[in-house]
Amino acid sequence: MGKILAIDYGQARVGLAVSDPDGRLAFPLTTIAWETRDALFARLLAVIEEHAPERIVVGYPARVGGDEGLTGRQVRKFAARLSRRTTLPLCFADEAHSTEEAAERLREAGHTGRELLARVDAMAAAVILERYLRGGELCFDPSLPAS
């Protein structure tokens, strides 16, 4: 299967996780704090070059009833911009409650306060990647304009 990079996109921070080379396990990688759009994409492309994934999974806030919502449109715009900067295939996986699940895992591991906040976005990306690895891909083309 090859390595997969997962992205938990947010307006303040972007969490990243990567799979093992066999695409079986997910590992939190890093968090990128937003500065500018160009800086964000430069850092993402550097991570892509360093880890050489075969595909990218972006967490998408799937909503009951199928309506997209503001966050969904923002994620799709981000994914469309990323797809113009890389030739890697992009897909989406459900991110519902991934941050809450990530925070709970970190608390169980003994992390609190600032330490928890510093790790939660990368851990949320790992949760998203785990869902994808279990067959949780959402099927639509990220290059399509958000509705």
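We did not get these values from a lab; they are worked out from the coordinates using the rules stated. Remember, predicted model here, so these are calculated numbers, not experimental data.
Tabulated results
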item	result
Stokes-Einstein D in µm²/s, Kirkwood radius over Cα pairs - the range 4-138 at 20 °C with 1.002 mPa s viscosity	145
Potential lengthening between ALA52 and GLN74 on full extension [0.36 nm per residue; Cα-Cα distance subtracted]	5.4 nm
